[in-house]
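Bear in mind that the values in this text are calculations on the coordinates, not laboratory data. Quick caveat: nothing in here was measured; it's all calculated off a predicted structure. Reconstructed Cβ throughout: ideal geometry from the backbone, glycine too, with neighbour counts over all protein chains shown.
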Amino acid sequence: MAEINGITVPFIPIVGNNESVRRTVDPVKSSFDSIFQEELEKVKFSNHALKRLESRNIQLSENDLSKIQNAVEKAESKGAKDSLVMMDNTAFIVNIPNRTVVTAMEVNDTNENVFTNIDSVVFAL
């Protein structure tokens, strides 16, 4: 068995000219990692939000999803935690650290137009 820094390892390290261990990059793993990271960064919708979208007949296009994604990224860059994202006549409450839309509603359908427990408002343009 080989030894690295006094520790026995069950593999033979690849050593370069400067005696440092080189890391080989597996293109399949690298591709998976990048796709996985992209998926983690996308905005998700909670079950509650999905039910609200359906019951309120709110339809979102790819362009709308892109606008929400950009709004979440802006809010995240400013340190927001729970944001009201306004897009056209639709309001979305989004938990920024989890990148999750918590609920959605048409502004015209709300009784008082009062939103609580948010720390920021972002206009998705």
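Regarding region 88-96, can at least one residue be identified that is crowded, with 19+ Cβ neighbours inside 10 Å and either assigned to a loop (DSSP other than H, G, I, E, B) or acidic (D, E) (or both)? Checked region 88-96: at least one residue is crowded, with 19+ Cβ neighbours inside 10 Å and either assigned to a loop (DSSP other than H, G, I, E, B) or acidic (D, E) (or both). Residues in region 42-78 that are under 12 Å from V121 (Cα atoms) and either in contact with a His (Cβ under 9 Å, 6 or more places away or on another chain) or outside any helix (DSSP H, G or I) (or both): K78 only.
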